[in-house]
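Just below is one structure, and these are the notes that go with it.
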Amino acid sequence: MNVIVCLKQVPDTETLIKIKPDGSGIVTDDIKYVMNPYCEFAVEEALRIKEKFGGQAVLITMGPARAVEALRTGLAMGADRSIHLNDPAFEGADGFATAKALAEVIKKEPFDLILCGKQAVDDDLAQVGPSLAEFLDLPHVTLITKLEINAEQKKARVEREVEGGKEVVEVKLPAVFTCQKGLNEPRYASLPGIMKAKKKEVKPINLAALGLGAEEVGAAGSKTKILRYIPPPSRPPGKIIAGELIDCVKNLVKFLREEAKVV
Amino acid sequence: MGKGIWVFAEVKEGNIRKVTFELLSQGKKMAEKLGEELVAVLLGSGIEGLTGRLAEYADKVYFVDDPILAQYTTDPYATIITNLLKEHQPSIFLCGATVLGKDLSPRLATRLQTGLATDCTGLSLNEEGLLLAKRPVYAGKAFIEVVCPNSRPQMASVRPNVLPMVPPESGKKGEVIKVEAKVDSSSLRTAIVEVVKTAGAKVDLTEAEIIVSGGRGMKGAENFKILEELADVLHATVGASRAAVDSGWRDHADQVGQTGKVVTPNLYIACGISGAIQHLAGMGSSKVIVAINKDPDAPIFQKADYGIVEDLFKVVPLLTEEFKKLLSES
């Protein structure tokens, strides 16, 4: 079983996000970047499949030079090799343009399944996985929390999280899956793993190597356009309700009914 | 460029979901402004009886009633809707940012080679008549405004509970049009073999009007019982912080925050939650926030509309009693 993992480098979830004064983006100074948490589940699952069935786990990312660190993290966890789409022309890609570029690379790779995170925690699109499946004419299953592979029959049986429960879904391979928390517990990279990762392949792919036109990638190839970034609506300062405990509670209930009108 | 605002009508357990009517309410306003028609599209099995409620809002209702559509799977839904959208070329297509909507909409957008804004919290029309979609990024630490300038339809999935619902026009009765499924069952690549409902599941966190949530201060799985009791009285759903989920006290499906659910209830009651940035991002768009925490310096109080600095184990049972009294009176 050859598994491809599409992953993304994102700001750590503890990052305080500041918007540039002109609203054109966020301030990226001092941001600590990590592998997207949902992509960690994808990498871990790929490694488990490889350990069980043999084959390769190959990581693919699109991003600037720093994104190589996310690939190294996955390689240190145990992935075999990686591909890095890196070109100024790829910048500003929306979900459509990102999936298109990833699909173009994946077409040239042998694979039995593709794993993605359910969404990246920066743009929160949750679009690239299903969109990639469409570009590759493959089925997809989103939000998986369990994956069982039948290698002989080239089938997978997965559990996915839906509102108020779960669905058990069967799908023919190859297919694209997006990984949700609960699928597994991602391993930490070991020290020997980190050492080995330094020697593993990170294959750079620029626009020329990708084989798409400049108008098909990045902001130019995107279908959506971000007009501006805006801060979240500010909340008026709240009330701390002090006094005897029972009075506090009675006052809180009164405020929620009469002032906030939410109960 | 196309005409018409289309709304995907989502069915769950035999009923049209509330988010559909929220979209129709918003779609109606935009349709009037653009001078275009409002269209609902409904897929399912045995759903013809549901078309009437949609026709109270929409000028036209297209429905496809076929056993193959009884449960949502991507392939038949994507194929049928793509065909309808290609035939009628609307300017805008909207669906709920539900599990279904988030599975379907990227497929449709890619197949139709158009732009999609996912998980939106606001929709409007700009001065050029383009759909201006507002959506959170970084789990709500910032928002962006997005347009789809050159391709059609302009697509958006919108979160439940964020668009105001208006009652339908009295006496309105849109045209109801039956469409054949024409789907080859051998083309279906995924099959649902089982659906498992979570025991005692109430409204999903993403749709809940009231959420009672617990964090590290809950000190153990068994103590969530007091939050369940409060939630029962308020018909609320119980959520949890990442700390509580990572400690194994609650299922990961209950997690609120940047690596869990992003929620927008009318009332969010945070109990023993300090308010890590990643949690605040996930619940910061709640209409009213109550924080109960014994640490007066907990960051959650910065976001809260009402705070009580006290041990949650003392406050929550009293709160449950007070709400019981209040709600039995009214």
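The values are calculated or read from the model by the stated rules, or taken from the named source; none is laboratory data. Small disclaimer: the values here were computed from a predicted structure and weren't measured. Neighbour counts are summed over all protein chains in view; Cβ atoms, including those assigned to glycine, are modelled from backbone coordinates with ideal geometry.
Which ones in segment B:37-52 are under 15 Å from B:Glu175 (Cβ atoms) and crowded, with 20+ Cβ neighbours inside 10 Å?
B:Leu38, B:Val39, B:Ala40, B:Val41, B:Leu42, B:Thr51 - these are the residues of segment B:37-52 that are under 15 Å from B:Glu175 (Cβ atoms) and crowded, with 20+ Cβ neighbours inside 10 Å.
Pick from segment B:306-321 the residues that are within 30 Å of the chain's Cα centre (by Cα) and in a helix (DSSP H, G or I): which of them is farthest from the other protein chains (Cβ to nearest Cβ)?
Looking at residues that are within 30 Å of the chain's Cα centre (by Cα) and in a helix (DSSP H, G or I), I get B:Leu312.
How about segment B:1-90: which strands (runs of 3 or more DSSP E) wholly inside it have at least 1 residues that are over 24 Å from B:Pro160 (Cβ atoms)?
It comes to B:60-65.
Could you list all residues from segment A:80-94 that are farther than 22 Å from A:Ile194 by Cβ and surrounded by fewer than 16 Cβ atoms within 10 Å (Cβ to Cβ)?
A:Pro88, A:Glu91
Being of a type outside the set (Lys, Arg), loosely packed, with under 14 Cβ neighbours inside 10 Å and either touching a residue at least 12 places away in the same chain (Cβ under 8 Å) or part of a strand (DSSP E or B) (or both) is the filter here; which residues of segment B:151-188 pass it?
Answer for segment B:151-188, where residues must be of a type outside the set (Lys, Arg), loosely packed, with under 14 Cβ neighbours inside 10 Å and either touching a residue at least 12 places away in the same chain (Cβ under 8 Å) or part of a strand (DSSP E or B) (or both): B:Pro164, B:Glu169, B:Glu175, B:Ile177, B:Glu180, B:Ser185, B:Ser187.
Let me spell it out: the conditions are (1) within 14 Å of another protein chain (Cβ to nearest Cβ); (2) touching a strand residue (DSSP E or B) at 6+ places or on another chain (Cβ under 7 Å); (3) not aromatic (Phe, Trp, Tyr), and B:Ser187 meets all of them except one. Which number is the exception?
Against the list (1) within 14 Å of another protein chain (Cβ to nearest Cβ); (2) touching a strand residue (DSSP E or B) at 6+ places or on another chain (Cβ under 7 Å); (3) not aromatic (Phe, Trp, Tyr), B:Ser187 comes up short only on (2).
What residue, of B:Lys287, B:Lys303, B:Lys294, is more than 16 Å from A:Phe255 (Cα to Cα), in contact with a strand residue (DSSP E or B) (Cβ under 9 Å, 6 or more places away or on another chain) and facing chain A (nearest Cβ under 7 Å)?
Just a single option satisfies the conditions, and that option is B:Lys303.
Using the structure shown, decide if B:Arg152 is modelled with pLDDT of 95 or more, under 27 Å from A:Thr224 (Cβ atoms) and in the same structural domain as B:Asp103 (by TED's automatic domain parsing).
yes
Go through segment B:73-94 and count every residue that is surrounded by 20 or more Cβ atoms within 10 Å (Cβ to Cβ) and without any contact (Cβ under 8 Å) to a residue 40 or more places away in the chain.
Qualifying residue count, segment B:73-94: 2.
With the requirement that a residue be touching a helix residue (DSSP H, G or I) at 6+ places or on another chain (Cβ under 9 Å) and at the interface with chain B (Cβ under 10 Å from one of its Cβ atoms), what does segment A:13-39 give you?
A:Thr13, A:Glu14, A:Thr15, A:Leu16, A:Ile17, A:Ile26, A:Asn36
Restricted to segment A:187-222, and to residues that are surrounded by fewer than 19 Cβ atoms within 10 Å (Cβ to Cβ) and within 14 Å of another protein chain (Cβ to nearest Cβ), which residue is farthest from the chain's Cα centre (by Cα)?
Result: A:Glu215.
Taking the residues in segment B:126-150 that are facing chain A (nearest Cβ under 8 Å) and in a loop (DSSP other than H, G, I, E, B) as candidates, determine which candidate is nearest to A:Pro233 (Cα to Cα).
B:Lys141
Checking the structure you have, find out if any residue of segment B:215-226 is among the small types (Gly, Ala, Ser), within 21 Å of B:Lys294 (Cα to Cα), surrounded by 22 or more Cβ atoms within 10 Å (Cβ to Cβ) and away from every other protein chain (no Cβ under 13 Å).
yes
Got a sec? Which of B:Val245, B:Val212 is under 23 Å from A:Thr142 (Cβ atoms) and within 14 Å of another protein chain (Cβ to nearest Cβ)?
B:Val245
Which of the residues that make up segment B:251-282 are more than 8 Å from chain A (Cβ to nearest Cβ) and more than 22 Å from the chain's Cα centre (by Cα)?
B:Cys271, B:Gly272, B:Ile273, B:Ser274, B:Gly275
When you go through (1) part of a helix (DSSP H, G or I); (2) within 14 Å of chain B (Cβ to nearest Cβ) one by one for A:Asp123, which number turns out not to apply?
(1) is the only condition that A:Asp123 fails.
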